[in-house]
Amino acid sequence: MAAHSHLAPEVGSDPPEGELRDSHGRRITDLRVSITDRCNYKCVYCRTGQHGAQYPELSAEDYLRLIRIFLSLGIEKVRLTGGEPLLRRDLPDIVAAIRAMHTRSDQSPEVAVTTNGHLMEDLAEPLKRAGLSRVTISMDAVDPAIFERITRIAGSFAAVVRGIEAAQRAALDPVKINCVLLRGFNDDQVESFATFARERNVVVRFIEFMPLEEDRLWTPQMVVPLTEIVERIHRVHPLVPLPATVAGETARRYGFTDGAGGEIGIIAPVTQAFCGACSRVRLTSDGKIRTCLFSHREHDLAGLARAGANDEELRAFILGVIQTKEARHHIGEPEFLKPSRSMVHIGG
Ligand code: SAM
């Protein structure tokens, strides 16, 4: 495979002291694995509603082999995403198998899931038993009508709320809610989301809309910037900044000054990009490595495995690919080019 011979450093070379670093000196500790690009929602800002899955998915065994190799190189956290990861019936088995693996420092890796929560009511307990560390549930409105206009699925709001409650009962703490705000769609939900965070004792994280949709919808004007969100919430529920919980945290965190439960987080990849602290690498459902959401190049790790590469060869390939990780994205700049895959097919 051309990319292999071109990119791979000497077979068997190890990152120093158990660290996986890219050519910009960033430590790469987080692997996001899309285990399917099928989704049971058709969120208007993500999908056209015309296409289904576009890329194959691997067997659990194949993902697990690749994940084990990433862990041997210095990955510490694995996030399973999609598509909708809860659509895979073997998800609890995949979680349990990853938890049984080891990081380079001989710990059990953290395993998180990002889900729309629709199927969480029945899966929260099995996932907790399987050892799931954390869950992030996407929810773009607290008004049921607005929510269902976005997901285009009747009954989705009630299902997701039941999913959140089940995750809390299963002690998948803290439950994080991700909300993508779009001007003119759901930007009137900001203050109600703050109330939801307080009442339900959840972390609500607002994420700026990025140009990663199947359609051509994104304009800079649709992005609701971090500063506006914080100001608007602060007016109704005064906020106090909280320290980062981990180095390189992507979210700015805020608590409520009156000591109410819940927390607000803002993830601002567009107006306050955090590429300099990026610790992520992604594996698509068909087993290709993406070094950035906005990459134009993918690296066919699963193809190499299928062609018979042994673990050492796959490790060398990954090490070489990590060195090509982009310094930053170029959203909003004249030369910005949308990546060939949209979010649902990359794995958000
Ligand atoms: N189906 C799962 C879910 O809904 O969380 C996982 C996949 S979904 C692609 C992951 C996250 O990406 C969701 O929180 C979704 O809102 C977010 N997302 C999708 N398109 C986005 C975009 N263009 N900009 C920012 N976030 C986006």
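Kindly indicate the residue of region 245-272 that is under 25 Å from GLY332 (Cβ atoms) and of a type in the set (A, V, I, L, M) and also surrounded by the most Cβ atoms within 10 Å (Cβ to Cβ) among those meeting that condition.
Among those residues, the one meeting the criterion is ILE264.
Out of all the residues in region 216-233, which are in contact with a Ser or Thr (Cβ under 9 Å, 6 or more places away or on another chain) and over 25 Å from LYS338 (Cα atoms)?
Passing the criteria: only THR227.
Does at least one position in region 68-84 carry a residue that is more than 30 Å from ALA194 (Cα to Cα), out of contact with any Asp or Glu (no Cβ under 9 Å at 6 or more places or on another chain) and touching a residue at least 24 places away in the same chain (Cβ under 8 Å)?
yes
Yes or no: VAL160 in contact (Cβ under 8 Å) with a residue 12 or more places away in the chain and touching a helix residue (DSSP H, G or I) at 6+ places or on another chain (Cβ under 6 Å)? Break it down stepwise before answering.
Values: in contact (Cβ under 8 Å) with a residue 12 or more places away in the chain: yes; touching a helix residue (DSSP H, G or I) at 6+ places or on another chain (Cβ under 6 Å): no.
No; evaluated as a whole, the condition is false for this residue.
Test SER34 against the stated conditions and say whether it is hydroxyl-bearing (Ser, Thr, Tyr) and under 18 Å from the mean Cα position of the chain (by Cα).
Yes, satisfied.
From the residues in region 274-297 that are assigned to a loop (DSSP other than H, G, I, E, B) and within 13 Å of the ligand (Cβ to nearest atom), which one is farthest from LEU71 (Cα to Cα)?
Only one residue tops the list, namely PHE294.
Return the residue satisfying two criteria in turn: it lies in region 30-49 and is in a loop (DSSP other than H, G, I, E, B) and in contact with a strand residue (DSSP E or B) (Cβ under 6 Å, 6 or more places away or on another chain), and of such residues it is farthest from the ligand (Cβ to nearest atom).
The initial filter retains those residues of region 30-49 that are in a loop (DSSP other than H, G, I, E, B), namely 35-49.
Those left that are additionally in contact with a strand residue (DSSP E or B) (Cβ under 6 Å, 6 or more places away or on another chain): 35, 45.
Values: ILE35: 10, TYR45: 6 Å.
This residue is ILE35.
For every residue, the table says whether it meets (1) modelled with pLDDT of 95 or more; (2) of a type in the set (A, V, I, L, M).
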position	(1), (2)
ALA159	yes, yes
ARG162	yes, no
GLU165	yes, no
SER192	yes, no
THR195	yes, no
ARG200	yes, no
PRO225	no, no
PRO269	no, no
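Can you tell me which residue among VAL180, VAL190, VAL161 is outside any helix (DSSP H, G or I), among the β-branched types (Val, Ile, Thr) and closer than 22 Å to VAL44 by Cβ?
Sole residue among the options that is outside any helix (DSSP H, G or I), among the β-branched types (Val, Ile, Thr) and closer than 22 Å to VAL44 by Cβ: VAL180.
If SER72 satisfies all but one of (1) out of contact with any Pro (no Cβ under 9 Å at 6 or more places or on another chain); (2) among the polar types (S, T, N, Q); (3) not in a helix (DSSP H, G or I), what's the number of the condition it fails?
Condition (3) is where SER72 drops out.
State the number of residues belonging to region 120-141 that are touching an Asp or Glu at 6+ places or on another chain (Cβ under 8 Å) and either assigned to a loop (DSSP other than H, G, I, E, B) or over 13 Å from LEU172 (Cα atoms) (or both).
Of the residues in region 120-141, 1 are touching an Asp or Glu at 6+ places or on another chain (Cβ under 8 Å) and either assigned to a loop (DSSP other than H, G, I, E, B) or over 13 Å from LEU172 (Cα atoms) (or both).
The values are calculated or read from the model by the stated rules, or taken from the named source; none is laboratory data. Everything numeric in this text was worked out from a predicted model, so none of it was measured. For neighbour counting, all protein chains shown are included, and Cβ atoms are generated from backbone atoms with ideal geometry for every residue, glycine included.
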